[in-house]
Each structure stands twice: as structure tokens, then as C-alpha cells.
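Heads up, the thing below is written out as C-alpha cells.
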Amino acid sequence: MPTGTSPAHEGAALERRVLGHGIALGPVGAGSIGHDLVFTSRQGGRDLALVEGTANLAQCLSVALLTAPGTDPFHVGFGFDGLRVLTQGLTPPMALELLRLSVLRTLAADARVAEVVELTLAETAPGSRRWQATAVLRTVVGSALHTVIGEVTADA
């Protein structure tokens, strides 16, 4: 270990290198699933906010759940295929389980996710046909990530 480098600093550097970094996105508004760029104030103006490590991974997984498969021309396998499940005329319990499996497949497809420890889908309000996905993941660097990764809606 180089002189003056703490193990915590090395761990953060490893997470940044392996789990990535990017431009921060924030929710557009209450009840909306859309996201927009986040800005920070700095002396003399504004700058784009950044995310790194587990926060970047959580944001990427959330974006994956908001992206239809095949819509990214540079990564056609990227995206969430769960909305197709909701149009198949299945019983509610079967549709929910297939939706859960589709979310699980989307999470597991990210190479930075070593294991999906727990995944729950909770309806945001009875009869709303909107589910909030909460996951506990183990990353490839061994860190744990507990996050609400997005909301899946059948209204679209």
C-alpha cells in the first residue's frame, strides 16, 4: 500500500474503478418515473453532479428498469422486458411472479452484480398496478448494496 493511502480510500478507489462513475440523475417529480440531470452549485456557476461506486451501480440498474430492451443501439440486450409480462392476460399472482423474475434477470445481467441476495416487489398502493422494486445485492468487489432500484408500472 502506498504511503499515506488508507484502506478506506483504496476501497473507494476500487469501487469507482470497478463499479464505475457517471453523471447523476434525479427524479423529475413526485409520482414520475422519469429522470433528469442533477446540477450542483459551485463558485461562479453550476456543474453536473457525479455519482460513483455503489451509487452509480444503483443508478444504472434503475435506468435499466426504465429502458425498453433493444432501444439502445450500442447495447441491444440492455433493458427491462417485464412490461411484456403484464400484457399476457395472466392471473395477478402469476403476472407478479413473472414480473419479479424479469426484474431479477435485468439485475443479474449487469456484470457488476455478483449476487442478488433479495428482491421484493411491493405495490405502491392497492390496485395501482405500480410496484416498487427493492433489492439487496452483492457487488463483484464484495460490497453490499441495498436500494430501491425503481418503480415498475403497468399503466404504460
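The values are calculated or read from the model by the stated rules, or taken from the named source; none is laboratory data. Since the model is a prediction, treat every value here as computed from it, not as a measurement. Every residue, glycine as well, gets a Cβ built from its backbone with ideal geometry; the counts of neighbours run over all protein chains shown. Only protein heavy atoms, including side chains, enter the accessible area calculation; ligands, DNA and RNA are left aside. Shrake-Rupley method; radii C 1.70, N 1.55, O 1.52, S 1.80 Å.
Details
- Within the accessible area of the chain (1.4 Å probe), percent carbon and sulfur: 58 percent
- For region 75-156, averaging the sequence separation of C-alpha pairs within contact (under 8 Å, six or more residues apart) and dividing by the residue count gives a relative contact order of 22 percent.
- Dipole magnitude of region 79-153, debye to nearest 20 (Cβ charges: Lys/Arg +1, Asp/Glu -1, about Cα centre): 100 debye
- In order through region 56-66: 3J(HN,Hα) via Karplus (6.51 cos²θ - 1.76 cosθ + 1.60), integer Hz, x for Gly, Pro: 5, 4, 4, 5, 5, 5, 5, 5, 4, 6, 9
- Derived scalar couplings ³J(HN,Hα) [region 95-101; Karplus, 6.51 cos²θ - 1.76 cosθ + 1.60; whole Hz; x for Gly, Pro]: 4, 5, 5, 5, 5, 4, 5
- Long-range tail of P(r) for region 1-97 (Cα pairs > 21 Å, %): 56 percent
- Gain in span if fully extended, Ala30 to Leu83, counting 0.36 nm per residue against the direct Cα distance: 16.9 nm
- One quarter of the surface of the convex hull around the alpha-carbon atoms of region 100-143 equals 3.2 nm², the direction-averaged projected area.
- Extension gain for the segment Ala49 to Val148, taken as residue separation times 0.36 nm less the Cα-Cα distance, is 33.6 nm to one decimal.
- The chain - percent relative contact order, Cα under 8 Å, separation 6 or more: 16 percent
- Distance cut-off 14 Å, percentage of C-alpha pairs in region 75-154 lying past it: 62 percent
- Near the amide H of Phe39, within less than 5 Å, lie the amide hydrogens of Ala49, all on another chain or at least 5 residues away, with H placed in the peptide plane.
- Counting only DSSP H runs of at least 4 residues, each contributing -39500 (n - 2.57), and dividing by the residue count of the chain, the helix-based mean residue ellipticity at 222 nm comes to -9000 deg cm²/dmol.
- Between helix 7-19 and the chain: long-axis angle, C-alpha atoms, 0 to 90°, nearest 10: 50 degrees
- Rolling a 1.4 Å probe across the protein heavy atoms gives region 77-156 an accessible surface of 54 Å² per residue.
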